[in-house]
Ligand SMILES: C[S@@+](CC[C@H](N)C(=O)[O-])C[C@H]1O[C@@H](n2cnc3c(N)ncnc32)[C@H](O)[C@@H]1O
């Protein structure tokens with residue numbers, strides 16, 4: 001599957017707010033670097049699903065996978081405040097379920113916060129994508145929990161790894177994620193770093 005195949009799916013199947021679709025910096029990297037895992041990945045966890053663009057990508061790209069999504073569908077009150085975000089989040093849960101309707105039976109969605117649900121999950125996953133709250137403390141929490149929930153040989157991906165999260169917002173997640181990875185030296189391999197998204201494989 002090439003990036004343009006996925007954009008065709010979005011164009012024909014999905015209902016998105018203008019300008020909110022998953023950025024090409026991630027889709028290009030995923031198609032290129034995750035190719036070898038395409039038929040192996042069986043279970044995926046996604047923290048932060050919004051309208052479902054990345055969720056759709058996982059289910060299109062990994063035909064044998066089941067996806068678990070976590071999102072309160074409200075945005076983060078500290079991050080997503082003001083007039084700009086109100087229309088974006090107003091109907092995002094409805095859009096998520098519409099966009100995901102072709103994948104019925106292949107996904108489970110929990111409408112809640114990662115901080116509530118992650119500690120309760122008992123199973124492990126072959127791929128985990130973290131794209132929820134961007135506050136440092138929560139990213140740290142999500143990262144620590146998701147490391148434990150990632151199987152050995154599984155993949156762990158962070159969106160917004162080394163980008164300005166919103167224009168003019170210099171808060172990058174890189175420092176927090178790098179500090180965590182420093183504690184896991186020799187327990188992972190970097191699979192790709194597109195600055196937009198970092199992907200590692202847990203090896204121990
Ligand atoms: C950048 S959007 C996700 C975009 C989506 N992954 C995509 O690429 O199409 C971030 C989402 O994270 C959700 N979110 C914020 N804090 C969260 C938390 N603590 N746990 C789970 N989701 C959270 C927001 O409601 C929002 O829908």
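The values are calculated or read from the model by the stated rules, or taken from the named source; none is laboratory data. Just so we're clear, the structure is a prediction, and the values are computed from it rather than from any experiment. A quick note on method: Cβ atoms are made from the backbone with ideal geometry, for glycine too, and the neighbour counts reach across all protein chains shown.
Details
- Any hit, the stretch 114-134, residues being near the ligand (Cβ under 9 Å from one of its atoms), loosely packed, with under 15 Cβ neighbours inside 10 Å and over 15 Å from the mean Cα position of the chain (by Cα): yes
- Test set (1) under 30 Å from residue 119 (Cβ atoms); (2) within 14 Å of the ligand (Cβ to nearest atom); (3) more than 15 Å from the chain's Cα centre (by Cα) - residue 86 fails condition number: (1)
- Any hit, the stretch 65-82, residues being in contact (Cβ under 8 Å) with a residue 12 or more places away in the chain, more than 14 Å from the ligand (Cβ to nearest atom) and surrounded by fewer than 14 Cβ atoms within 10 Å (Cβ to Cβ): no
- When each of 91, 43, 28, 5 is tested for being within 24 Å of residue 189 (Cβ to Cβ), modelled with pLDDT under 95 and more than 9 Å from the ligand (Cβ to nearest atom), the lone residue that passes is 28.
- All positions within the stretch 53-64 that are more than 9 Å from the ligand (Cβ to nearest atom) and over 18 Å from residue 154 (Cα atoms): 60
- Filter pass, residue 146 being surrounded by 13 or more Cβ atoms within 10 Å (Cβ to Cβ), closer than 18 Å to residue 54 by Cα and under 15 Å from the mean Cα position of the chain (by Cα): yes
- Considering the stretch 113-204, the qualifying helices (runs of 4 or more DSSP H), each wholly inside and each with 1 or more residues that are modelled with pLDDT under 95, run over 136-149, 174-182.
- Inter-residue pairs, beta-carbon under 6 Å, first touching a residue at least 24 places away in the same chain (Cβ under 8 Å) and in the stretch 50-61, second in a loop (DSSP other than H, G, I, E, B) and more than 6 Å from the ligand (Cβ to nearest atom), 6+ apart: 51/16; 53/21; 59/106; 61/1
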